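First up is the structure itself, then whatever we jot down about it.
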Amino acid sequence: MSLTQDQDGVPELTPGTLEVLQAATRMLAGVALRSLDVLDAAVTLPQFRLLAVLADLGPVPTGQAARMLGLDPSTVTRLADRLVAAGHVARGTDSRHRGVVTLGLTASGRNLVAAADAWRRHELARIMAQLAPGEQAAVTMALGLLVRAAGDDYGLTAQRPVPL
């Protein structure tokens, strides 16, 4: 399949390809969102995003967490306030720069991220089990190609420009 371009030179997808990609996006987003249900409303989606960043990076300065999430540092501070009060995040200081506030997961925060991740793994395995082994291999290969084309960190950072 080759992509055509619109008048501005932006690649266009065929309608069938676009529909499949949009359906896959909705399904994967649904799995991610439903994984928070297992947490019994312990955290909101924005709070969970902060927990997930901290799980990936370990303790980091508040500003770095804000950049990773594409949020204003004051917004991350407010999210962290709630998570600290709930016992999911601990504040600290950078040993090299004592004025820099760091955020890190507590055991409770790690448990929340692990519970959501375990549910997602189980749900994705359940969905993939509906396919024949050859279909599973084809899905795995196709999604691997898509991830590679987007870049491994595409969904992890908010530093990429968003097209208008």
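Taking A29, is it within 30 Å of A125 (Cα to Cα) and assigned to a loop (DSSP other than H, G, I, E, B)? Answer is no for this residue. Taking the criterion of being under 21 Å from M68 (Cα atoms), without any contact (Cβ under 8 Å) to a residue 24 or more places away in the chain and not in a helix (DSSP H, G or I), the residues of region 123-157 that qualify are G151, D152, D153, Y154, G155. Filtering region 58-78 to residues that are polar (S, T, N, Q) and surrounded by 13 or more Cβ atoms within 10 Å (Cβ to Cβ) leaves T62, Q64, T75, T77. Tell me whether region 79-99 contains one or more residues that are in contact with a Ser or Thr (Cβ under 9 Å, 6 or more places away or on another chain), surrounded by 16 or more Cβ atoms within 10 Å (Cβ to Cβ) and closer than 24 Å to T25 by Cα. No. Please tell me if G58 is touching a residue at least 12 places away in the same chain (Cβ under 8 Å), under 18 Å from the mean Cα position of the chain (by Cα) and on the phi > 0 side of the Ramachandran plot. Here the answer is yes, as G58 does meet what is asked.
Any read-out appearing in this document is the output of simple, stated calculations on the displayed coordinates, not a laboratory observation. From a predicted model like this one, the values you see are computed outputs, not experimental measurements. No Cβ is skipped: glycine too gets one built from the backbone with ideal geometry, and neighbour counts run over all protein chains shown.
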